1. I want to confirm something. Restricting to segment 93-112 and keeping residues that are touching an Asp or Glu at 6+ places or on another chain (Cβ under 8 Å) and in a loop (DSSP other than H, G, I, E, B), which single residue is surrounded by the most Cβ atoms within 10 Å (Cβ to Cβ)?
2. Among the strands (runs of 3 or more DSSP E) lying completely within segment 2-92, list those that include at least 1 residues that are of a type in the set (A, V, I, L, M, F, W, C) and within 8 Å of the ligand (Cβ to nearest atom).
3. Determine which single condition P239 fails, assuming it passes every other condition in (1) under 30 Å from A104 (Cβ atoms); (2) in contact (Cβ under 8 Å) with a residue 12 or more places away in the chain; (3) open to solvent by 10 Å² or more (accessible area, probe 1.4 Å); (4) touching a Gly at 6+ places or on another chain (Cβ under 9 Å).
4. Suppose we filter F174, F189 for residues that are surrounded by 18 or more Cβ atoms within 10 Å (Cβ to Cβ), more than 12 Å from the ligand (Cβ to nearest atom) and over 13 Å from F125 (Cβ atoms); which single one remains?
5. I'd like the full set of residues that are surrounded by fewer than 17 Cβ atoms within 10 Å (Cβ to Cβ) and of a type outside the set (A, V, I, L, M, F, W, C), limited to segment 60-82.
6. Select from segment 136-168 the residues that are under 19 Å from N86 (Cα atoms), open to solvent by 30 Å² or more (accessible area, probe 1.4 Å) and of a type in the set (S, T, N, Q) and list them in ascending order.
7. Counting only residues that are under 20 Å from D250 (Cα atoms) and among the aliphatic types (A, V, I, L, M), which one in segment 114-139 is farthest from the ligand (Cβ to nearest atom)?
8. Out of R33, R15, R65, I need the residue that is basic (K, R) and over 22 Å from the mean Cα position of the chain (by Cα). Which one?
Amino acid sequence: MKRIVVTGGSGKLGRAVLNELAEHGYDVVNLDRMPPRGQSPASFIRIDLTDYGQTVEALTSIDDRYNGVDAVVHLAAIPAPGITTNSATFANNVPSTYNIFAAARAAGITNVVWASSETVLGLPFETPPPYIPVDEEYTVRPESTYSLGKAVEEEMARHFTRWDPTAKLIGLRFSNVMEVEDYEKFPGFENDPTSRSWNLWGYIDARDGAQAVRLALESSITGFEAFIIAAEDTVMSTPSAELAARYFPDVPLRASVDGVGALHGVETMLSIDKAKRMLGYAPQHSWRVLG
Ligand SMILES: NC(=O)c1ccc[n+]([C@@H]2O[C@H](COP(=O)([O-])OP(=O)(O)OC[C@H]3O[C@@H](n4cnc5c(N)ncnc54)[C@H](O)[C@@H]3O)[C@@H](O)[C@H]2O)c1
């Protein structure tokens, strides 16, 4: 059984990832500075990932717990702008990710998947995106210090994989992560569409985010790749083409890769075509059926 360490496994996305990996037969270890709430399918190691020594140890061996790690999922971070100060967000997130990339390299672990963010696409889109649906094809446009950190992490991944072309570093640009209990507030978004225009009305069910993590771990890709990970639909009932035309009137709509034309019904405006094509990503959950 393969051993996978998941950083941030006590958090919102981490909980779903621990379940997904355990259900698929992996031996899962949760590295976090906070213990998990309630039952967890993973063993827990308390760690501060801003400390390189602790990070190297956790990716190699811990007395009485394990010896050797096959792959790393790195989710631990302060997960949004505005939770703490800008510099504290950067000083926690970017060194933690450097430590994970460098410790994985030192330990000979070539399979690393980590949480980037939809924010690198230019959220909150006060400057409109170049086209809709947005995809991975244009240069990152961080607009907050949190997002700048994620952009720096993607750039670090580019160079770590240049140094070792056999390594895989996959950055998943998650949309806004939701659990089933979050869905009760969704119908209310219809009353004020501008309350969710900041991310083109996107979201991701935590369980589908976890599916994307597992598929990225299992993929045979090498090098650095970034993927947008969102639900198939938006948080709205108004059709996507109508929202785009009303709130982003000067932004061109692009045909999707299948050439069928852009934006059918309530289709996501955060393109997941690349993840579908290269990872086999197939989201299973929508707020419309309450998960
Ligand atoms: N929640 C979202 O909407 C969203 C959207 C896009 C990307 N992301 C990214 O996904 C990841 C997970 O987000 P989440 O919503 O589950 O966050 P969360 O806050 O629920 O969980 C993050 C976990 O990381 C741990 N952590 C933070 N810094 C640490 C450190 N230095 N050492 C050890 N543990 C540390 C925390 O204790 C927490 O348990 C983050 O990288 C976040 O930036 C989240």
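The values are calculated or read from the model by the stated rules, or taken from the named source; none is laboratory data. Quantities reported herein were computed from a predicted structural model and do not represent experimental measurements. Neighbour counts run over all protein chains shown; Cβ positions are idealised from the backbone, glycine included. Only protein heavy atoms, including side chains, enter the accessible area calculation; ligands, DNA and RNA are left aside. Shrake-Rupley method; radii C 1.70, N 1.55, O 1.52, S 1.80 Å.
1. Looking at residues that are touching an Asp or Glu at 6+ places or on another chain (Cβ under 8 Å) and in a loop (DSSP other than H, G, I, E, B), I get I109.
2. In segment 2-92, the matching strands (runs of 3 or more DSSP E) lie at 27-32.
3. (1)
4. Of the residues listed, the single one that is surrounded by 18 or more Cβ atoms within 10 Å (Cβ to Cβ), more than 12 Å from the ligand (Cβ to nearest atom) and over 13 Å from F125 (Cβ atoms) is F189.
5. The answer is T60, S61, D63, D64, R65, Y66, N67, G68, D70, G82.
6. S144, T145, listed by residue number.
7. Going through the qualifying residues, I end up with I132.
8. R65
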